[in-house]
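Structure record follows, encoded as C-alpha cells.
Bear in mind these aren't lab numbers, they're just calculated from the coordinates by the rules spelled out. Predicted model only: the values in this text are computed from it and were never measured. Cβ sites come from the backbone with ideal geometry, for glycine too, and all protein chains shown count toward neighbours.
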Amino acid sequence: MNEKLALLKKIALKAGIAWVKIIGIGILISIIGIIASYFLYQNYEGVNGFGRITNAFRNEFWTVLLFISNVGMFIFSILFANKYAIHTIISIVYKEKLQDFVTPKIEKYISNISNKQPGWLDKLTNASVVKIKLLGELRFDSNISSVNKKVLRYGFKKINLDDVDFSQPHLDYPAIIAYKINEKISKIATPSMKIFWVSAVLLLILLLIAIIKMPR
C-alpha cells in the first residue's frame, strides 16, 4: 500500500509540474503576443468600424496573423500539456511498476483465449485480431490497477504486429508482444518539448516581423 501511494505521489508530482510549466509558459507567451498585437493594431490609421477590420487583414496582415497565432498558442499549450503529462504518467508507471509483469500478463491472457478458442493462433489471418482479443482480456482483468490497465491498454493499441508470422509454430508470442510494447513505450520515455519550443520561437519571430512591418 505504501509503495503504491509513493508511486502515485511521484506520478502526480512529475506530471503536475510538467503540466503547470507548459501551461504557464504557453499562456504567458500568448498574453504577451495578444497584447502586442492589440497595440500594433491601434497604430493602424484606417477607417473605423467594419471597414477597419477588413482593411486590417489586407494592410495589417502580420499583426492579425500575430493575434490569431497567439490565440492558437493558448489552445495548443493546453492540448500539448495534457499530452505531455499523459506520456509522463505512462513512462513512470511502466518503468516503476508495469514492466516486470507485462510478459506474465500477456501469457495469462493468451492462455485464457486459448482455453476458450483452442488453436485460435493457427487460424489467424489478421494480426489486429490479437490486439482486439488482448484488449478484451485486459478489460475484464480485475487483478490490475486502473492506472496500470490504462498504460497496458495504450501499449496494446499502439503496437504493430503485422510483421509477426503467427503461423510459425513454437513462437514465444508473449515475449514478442511484450518486447513490442516495451519498444513503443520507450519511445515516449522522455517526452520531447521540441515542438513546443519551436512554436514559441516562431511566435517570437512573428512578433518581430509585425513590429518591423508596423506603419510609421
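Numbers below:
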{"item": "Neighbour net charge for residue 166 - beta-carbon separation under 15 angstrom, K R +1, D E -1", "result": "-1"}
{"item": "Highest to lowest packing among 128-140, 111-123, scored as the average C-beta count within 10 Å", "result": "128-140, 111-123"}
{"item": "Per-bin percent of Cα-Cα distances, the stretch 119-169 [5 Å]", "result": "4, 20, 27, 20, 15, 11, 4"}
{"item": "Restraint check, 9/180; 14/131; 95/157; 21/158; 83/180; 10/95, Cα-Cα greater than 24 Å", "result": "9/180; 14/131; 21/158"}
{"item": "Highest average packing first - 11-22, 78-89, Cβ atoms within 10 Å", "result": "78-89, 11-22"}
{"item": "Sorted peptide list for 24-31, 192-199, 102-109, criterion being average Cβ within 10 angstrom, highest first", "result": "102-109, 24-31, 192-199"}
{"item": "Cα-only radius of gyration and Dmax that characterise the stretch 66-162, units Å", "result": "18.1, 62"}
